[in-house]
1. So which of Met197, Met188 is crowded, with 18+ Cβ neighbours inside 10 Å and on the phi < 0 side of the Ramachandran plot?
2. Having 3 or more residues that are of a type in the set (A, V, I, L, M, F, W, C) and closer than 28 Å to Tyr108 by Cβ is the bar; report the helices (runs of 4 or more DSSP H) wholly within segment 125-202 that clear it.
3. When you scan segment 246-258, do you find a residue that is among the polar types (S, T, N, Q), at negative phi, surrounded by fewer than 17 Cβ atoms within 10 Å (Cβ to Cβ) and out of contact with any Asp or Glu (no Cβ under 9 Å at 6 or more places or on another chain), even just one?
4. Give Ala26, Ala101 a once-over and let me know the one that is assigned to a helix (DSSP H, G or I), of a type outside the set (Asp, Glu), modelled with pLDDT under 90 and farther than 24 Å from Ala257 by Cα.
5. Out of segment 121-157, which residues are within 21 Å of Phe236 (Cβ to Cβ) and surrounded by fewer than 16 Cβ atoms within 10 Å (Cβ to Cβ)?
6. Restricting attention to segment 29-57, report how many residues are surrounded by 14 or more Cβ atoms within 10 Å (Cβ to Cβ) and either without any contact (Cβ under 8 Å) to a residue 40 or more places away in the chain or outside any helix (DSSP H, G or I) (or both).
7. So Phe112 ticks every box in (1) among the aromatic types (Phe, Trp, Tyr); (2) surrounded by 11 or more Cβ atoms within 10 Å (Cβ to Cβ); (3) modelled with pLDDT under 90; (4) farther than 26 Å from Val237 by Cα but one. Which box is left unticked?
8. Could you tell me whether Ile230 is assigned to a helix (DSSP H, G or I), over 22 Å from the mean Cα position of the chain (by Cα), modelled with pLDDT of 90 or more and under 30 Å from Phe112 (Cβ atoms)?
Amino acid sequence: MSAIATAAAASPKGPVRAWWQAAPFAGVFVLFFIVPLALIAMVSLWNFNEYELIPALSLRNYLSIFEGCSHLTDNGDLCVTLSTYLSTLKFCAIVWAVTLALGFVVAYFLAFHVRSTAMQTLLFVLCTVPFWTSNVIRMISWVPLLGRNGLVNQGLMWLGAVDSPIEWLLFSDFSVVLAFVHLYTMFMIVPIFNSMMRIDRSLLEAASDAGASGWQTLWNVIVPLSRTGILIGSIFVITIVMGDFVTIGVMGGQQIASVGKIIQVQTSYLQFPLAAANAVILLAVVLMIIWALTRLVDIRKEL
């Protein structure tokens, strides 16, 4: 009884200790996340001209971004802002689908077909080899392969598959998607692989004993138990692709628009309030996508 009384007397100090333990992490979170976001939101409400930023509380930047979006243009097209967001979402959806397919296949092979832990580690390290160099170097390495006089076109012409070089291999939507997949598939492999390694192998044996085929086991056992990794990998890929401007600029030949590219151009022209407003809108769109994904899987319960 005395021990229980002592514990009860000391219990009020427990939350205090917990707050002190969390304080350093909370401080880092506030300093490097909350404060920058607050500054961006504040600057997005400022006015500006060719010479200076004018502190104010105005929705002018947001209104200018969506100016003309209430109706179609004379050519029957959407406004620039909506067209740019649709283009960015298109790349995001395609890259997500391709990286998910590739990442799931690679993770499945490493988790269930490679028995040796040493071999798993070796193959996993080989998957990380592209990350040993800069993203820009990896993108530029595609130019000699996909260019008009690149190795791919020369090989196809030598084989007689084409009569003239294929123009859309480089500086096109195809090259942008290819570069995205090359750069970010690893962000899908890692979380899916971790989820698969946590699957109890006795469940697979039970499914086999119950007469389930390989495809049935995959669809009804492995995929549902890997959904946490799929969701985390999807969040990684979607958030990166939505804000990327370097890959689209390099592989698109500066001819393809994206939201990140617009923000980068506005920043280079010192239109910081307009760029901040675009950043806030982009953040809102990404958060809505993440919210929709997290409605499918409760990460806190699955982890």
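The values are calculated or read from the model by the stated rules, or taken from the named source; none is laboratory data. Model, not experiment: these values are computed from the prediction. Positions of Cβ are backbone-derived with ideal geometry, glycine not excepted, and every protein chain shown enters the neighbour counts.
1. Working: Met197 fails: crowded, with 18+ Cβ neighbours inside 10 Å.
When all the criteria are applied, what remains is Met188.
2. Values: elements: 135-140, 143-146, 151-159, 173-184, 186-197.
Where helices (runs of 4 or more DSSP H) fall fully within segment 125-202 and carry at least 3 residues being of a type in the set (A, V, I, L, M, F, W, C) and closer than 28 Å to Tyr108 by Cβ, they are 173-184, 186-197.
3. The initial filter retains those residues of segment 246-258 that are among the polar types (S, T, N, Q), namely 247, 254-255, 258.
Within this subset, residues satisfying the condition of being at negative phi are 247, 255, 258.
Subsequent filtering for residues that are surrounded by fewer than 17 Cβ atoms within 10 Å (Cβ to Cβ) retains 255.
From what's left, out of contact with any Asp or Glu (no Cβ under 9 Å at 6 or more places or on another chain): 255.
Within segment 246-258, one or more residues are among the polar types (S, T, N, Q), at negative phi, surrounded by fewer than 17 Cβ atoms within 10 Å (Cβ to Cβ) and out of contact with any Asp or Glu (no Cβ under 9 Å at 6 or more places or on another chain).
4. Working: Ala101 fails: modelled with pLDDT under 90.
Matching residue, one of Ala26, Ala101: Ala26.
5. So the first thing to find is which residues in segment 121-157 are within 21 Å of Phe236 (Cβ to Cβ), and the list is 123-136, 138-139.
Selection gives Leu123, Val125, Leu126, Thr128, Val129, Pro130, Phe131, Trp132, Thr133, Ser134, Val136.
6. As a first pass, look at segment 29-57 and keep what is surrounded by 14 or more Cβ atoms within 10 Å (Cβ to Cβ): 40-41, 43-48, 53.
Checking which are either without any contact (Cβ under 8 Å) to a residue 40 or more places away in the chain or outside any helix (DSSP H, G or I) (or both) leaves us with 44-48, 53.
Of the residues in segment 29-57, 6 are surrounded by 14 or more Cβ atoms within 10 Å (Cβ to Cβ) and either without any contact (Cβ under 8 Å) to a residue 40 or more places away in the chain or outside any helix (DSSP H, G or I) (or both).
7. (4)
8. Details: assigned to a helix (DSSP H, G or I): yes; over 22 Å from the mean Cα position of the chain (by Cα): no; modelled with pLDDT of 90 or more: yes; under 30 Å from Phe112 (Cβ atoms): yes.
No; evaluated as a whole, the condition is false for this residue.
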